[in-house]
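See below for the structure under consideration.
The values are calculated or read from the model by the stated rules, or taken from the named source; none is laboratory data. None of the values given here were measured: they were computed from a predicted structure. Don't worry about glycine lacking a Cβ; one is built from the backbone with ideal geometry, like all the others, and counts go over all protein chains shown. Side chains are part of the model used for accessible areas, which takes the heavy atoms of the whole protein and leaves out ligands, DNA and RNA. Shrake-Rupley method; radii C 1.70, N 1.55, O 1.52, S 1.80 Å.
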Amino acid sequence: MISGFERNIPGFDGRYSVIGDDRTEYNLQITNTELRDDDDFECQVQPAENNPPLKAKAHLTILAMGRPAANIKWFRNDEEITENVVYSVTPVDNDKRENAQSILTITPKYPDDNNVRFTFPPGEPVITGYQMDEAVAVNDTVAMTYKSGVDYAYNELIIVAQKSDNDAEYRCEAWNIVNAQTPFTIPPTKATITGTREAKAGEMLTLTCTTSNSNPAAVVTWIPQGVGGSDIRSRTEPSPDGGYVTISEIDITLSSTQTNAIYTCSATNNQIDPPSPPQITGYTEGEAIKAGEVLKMRCTALRGNPPATLQWKKGNDTLTDVTDLTAGNIPSLELAVLVKPDDNHAIYRCLASNRATETPLEALKQITVHFPPKFVNITSQPAEARSGHQLELTCVSGSSNPPAVITWIHNNQQLQGTSLGHTDAQYWGKASKNVLDFIPTSADHDTPYGCRATNLAIQESVHDAVTLNNASVVIIAGESRVINFTAIANPSHCTYQLKREGVIINAGDIESLTLDEGVLTISAIAKEDKGQFAIVAMNTEGMAAFDFSIDVQCAAVEGAAGDAATLRCVVSGHPMVLGMVTWKRDDFDMTRVLPSYENGVGLLVIETLEKTDSGAFTCIADNGVGTPAEQEIELTVKFTPEIDKSPEFHKAANNIHYENILLVKDVQKADYGMYGCIVTNERGDDRLSIFFENTTKPDAPYDLEFVNATHNSVTLRWKLAFKRGSPGGVQGALQGLSLGTEYELNVMAHNQLGNSDYAATPVIAKTSNGSDTTSHSNTIELYGPTKETHLYPATASDEARSYGTNDRYNEDDYSDDYKSYESVTELSERSSRPSSRGTGHKTPPPPPVRSSSKGAVENSVPPLPARNYDATDAMPRYVPPPGSSYNNVNVIQNPSYDGPSARTPTPQNQPTDPTDDMRGYLV
């Protein structure tokens, strides 16, 4: 992140700001720190010239659960265990926290003296109540008791002996979750056939099929191919491995027509049991988990043949990031959840299934999460605070569980607002709302009012603040208002002063403003009455001042380009006369408007608005009594935005950017390509495609045009299509050319990477030959003797040079010199008028005037040789007619002047003969 030089840092939810002295201190303040703030921060200072960069780096470490990893220790009887302990740390994916794990390996002993519960299978069983080989009479009652090891399981069997019990075997079995699956869910793995494989016709042979250990006992099926068997016998025998072995025999007799027969033995364990419903441990419903903590839940399913398959789900989404903790035939899956606000009220399910279940068995947990609000939003009613007027600040918090408690803070003190309760919000949380009602005073100006929302259950909060600005009075010209600036003081009696820009305003100085005992009355305020003011209150203990501004706004009218607009001006007075309302605007063609007046209302209608019509119109009311009253009405014309689509704006390079539009930082190759610029408003939009490419040589100039030519120079103007950072227009003159010579001229652009192509169309231009001057700029070219002959007096402007409306001076500054030569004016009058540009600017020598474009002569100076004359026109000469005289001290006549003639100027462009003629050319 590069913050730049601004103190307001965008992004980061407004938590980053720069504080400290405006000139020397730039301290970075981060509020409501988060894990993502754990990073390096660097302060950089712009060094003085030829000095190394000044940098300082600091690393911010955010402490949180799992950051850094927890240190885990084992204790037994308050003594730390260090042997057989393995400690490890693993990073959490996409997180800055780490998981810590410590494994202690011990050999449990029973009984345990630390209240640690170990799981182990039942001990070796002991049957009491009957001794082997003990004789029991029929109808005797026999009680047998089963005990299993220490902390034993106990069971008692009572029977009445019968004849069928002779040599009977009674067996008691004990199991728990450790050994339950092994002895009771064993399928047969193989079946073995034994017996004679060869026999004579008519002989009987016996085949025996023996299964492997299984529980329950396997069922054997014989499948013959050829001769059917007879007399099948099956029995089961206990297996030393804890299950049963099934033994099945079949007798087969072959006939004389049979040569072979095939028998298959199939052993199956048909006992398929569903698992017990799964159990979830590690979380108790209703228990609150803090957002950001890690919740571990473990799902286990007992029994079942075959063992159950487990699956975790959140809602309907299957979770795959689980840890398999299966022990033997007891499946178990652990789920670790980094709890977030959206886990509140979320349902986590564990599903268990095997071949014996038609639908999965499930267990579920609904999670309760405590989380703080992420933001608070403060609104003000009214939007602008006003001293002495009721103000309502409303603070609404983001979603929180449990609901956040809102407090107001001002000047480091808590204020009591009014709670408006809670509303349902995101993640099954609640949004809190609180209102602070008060009447601000002048002391509240530019002071912050803060709102803090706190989740008390987890002691986390978020806050924001608004700064009151009640020091501006916005009023429409002509309106009236009363504002109470009364000060709170002791002694309560105060005297008041009104100041404007530090100057005391006395009664009558500003007709629209009256101050009486701290109450400012504004009556029909005028636009010129706006400004910066201060109310000063004084008592015997001292004084206090309150600064405020009065912003007088004009009445406004809006319209769209092409539509009609009507400006309305209401007047009053006595007498009310016809036509007492007129309108004016200096920079507007008033012939386009339709004014009207009737019954004290003046209307100004503009039938078709143009984009340039925006501006202020002045309504003038004059009934012949006193000074006319004036009121401005602002007209705003709305129109579709337009983009300047000149070629120079069609590209961009990586060494230039257009501020406030798009800034491409740290340019990469992937950044090059076509970008679109779109401007829009309520009237429509406009767009321009800009190609952004790597820095290259410039594009060719365009719009090359001729500007002016003298006897030894040609001036051209052109535009740069794109010069990799400096688009725009350029004008230049080519000096040192020959007199009366035609040239073909062209331009190209250049930068450090190379030259552009020449402009597409060259310019053909010719220097003047002494009888004409080629110009597009209303240029006057003067030739005169050297300054040493003092042809011109030593005035503020005594040098021969050219001026024109397209050169360095605008037409308004020399309106007398350039606008019209149709009427004759004495040179002495024109030369005596100062330049409208004032002092500090050079004034050109005054040109002679001409009476008409056809050369008609009255009793003054004849017209100059002009550039464009018809073939039948007489070429005027720069010589006075006989009998005429000059009164201008700035012009010396040459009686022998016979009209322009070709000559070669000196290198200084002055005639060699100080008595040579003076010639001028006006285009």
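Laid out as a table, the results:
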read-out	value
Any pair with Cβ under 7 angstrom, 6 or more apart, that starts in segment 417-430 at a residue that is closer than 18 Å to A291 by Cβ and ends at one that is open to solvent by 80 Å² or more (accessible area, probe 1.4 Å)	K430/H422; K430/T423; K430/D424
Qualifying residue in segment 486-504 (condition: surrounded by 13 or more Cβ atoms within 10 Å (Cβ to Cβ), charged (D, E, K, R), closer than 30 Å to T618 by Cα and under 43 Å from the mean Cα position of the chain (by Cα))	yes
Set V466, V435, V462: member being at pLDDT 95 or above and open to solvent by 10 Å² or more (accessible area, probe 1.4 Å)	V435
Candidates L295, L364, L338, L310, filtered to the one that is within 30 Å of T189 (Cα to Cα), in contact (Cβ under 8 Å) with a residue 24 or more places away in the chain and of a type in the set (A, V, I, L, M, F, W, C)	L310
Positions within segment 438-458 being open to solvent by 30 Å² or more (accessible area, probe 1.4 Å) and under 30 Å from the mean Cα position of the chain (by Cα), in sequence order	D446, P448, R452
Some residue of segment 346-355 being in contact (Cβ under 8 Å) with a residue 40 or more places away in the chain and surrounded by fewer than 16 Cβ atoms within 10 Å (Cβ to Cβ)	yes
Extreme residue, most open to solvent (accessible area, probe 1.4 Å), among residues of segment 58-104 that are assigned to a strand (DSSP E or B) and among the polar types (S, T, N, Q)	Q101
Filter result for T326 (in contact with a strand residue (DSSP E or B) (Cβ under 9 Å, 6 or more places away or on another chain), farther than 30 Å from C451 by Cβ and either at pLDDT below 95 or of a type in the set (A, V, I, L, M, F, W, C) (or both))	yes
Verdict on D563 being among the charged types (D, E, K, R) and under 30 Å from T441 (Cβ atoms)	no
Residue, surrounded by the fewest Cβ atoms within 10 Å (Cβ to Cβ), within segment 505-562, restricted to residues that are without any contact (Cβ under 8 Å) to a residue 60 or more places away in the chain and hydroxyl-bearing (S, T, Y)	T540
When residues of segment 340-351 are limited to those that are part of a strand (DSSP E or B) and not aliphatic (A, V, I, L, M), the one farthest from N316 (Cα to Cα)	C350
A336 under 34 Å from the mean Cα position of the chain (by Cα), among the aliphatic types (A, V, I, L, M) and not in a strand (DSSP E or B)	no
Hits in segment 80-111 (condition: of a type in the set (D, E, K, R) and over 18 Å from K296 (Cα atoms))	E80, E83, K96, K109
Set R36, R23: member being open to solvent by 100 Å² or more (accessible area, probe 1.4 Å), within 30 Å of V339 (Cα to Cα) and outside any strand (DSSP E or B)	R36
Single residue of T618, T582, T627, T591 found to be closer than 24 Å to D529 by Cα and either charged (D, E, K, R) or without any contact (Cβ under 8 Å) to a residue 24 or more places away in the chain (or both)	T627
Positions within segment 594-645 being buried (at least 16 other Cβ atoms within 10 Å of the Cβ) and among the polar types (S, T, N, Q), in sequence order	S614, N623, Q631
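Each row is one residue, and each column tells you yes or no for (1) among the small types (G, A, S); (2) at pLDDT below 85.
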site	(1), (2)
A537	yes, no
A555	yes, yes
G559	yes, yes
S572	yes, yes
K584	no, no
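Listed here are the residues, each with its yes/no results for (1) at negative phi; (2) in contact with a Pro (Cβ under 7 Å, 6 or more places away or on another chain).
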{"position": "G304", "(1), (2)": "no, yes"}
{"position": "T320", "(1), (2)": "yes, no"}
{"position": "T323", "(1), (2)": "yes, no"}
{"position": "A327", "(1), (2)": "yes, no"}
{"position": "S332", "(1), (2)": "yes, no"}
{"position": "K340", "(1), (2)": "yes, no"}
{"position": "A352", "(1), (2)": "yes, yes"}
{"position": "A356", "(1), (2)": "yes, yes"}
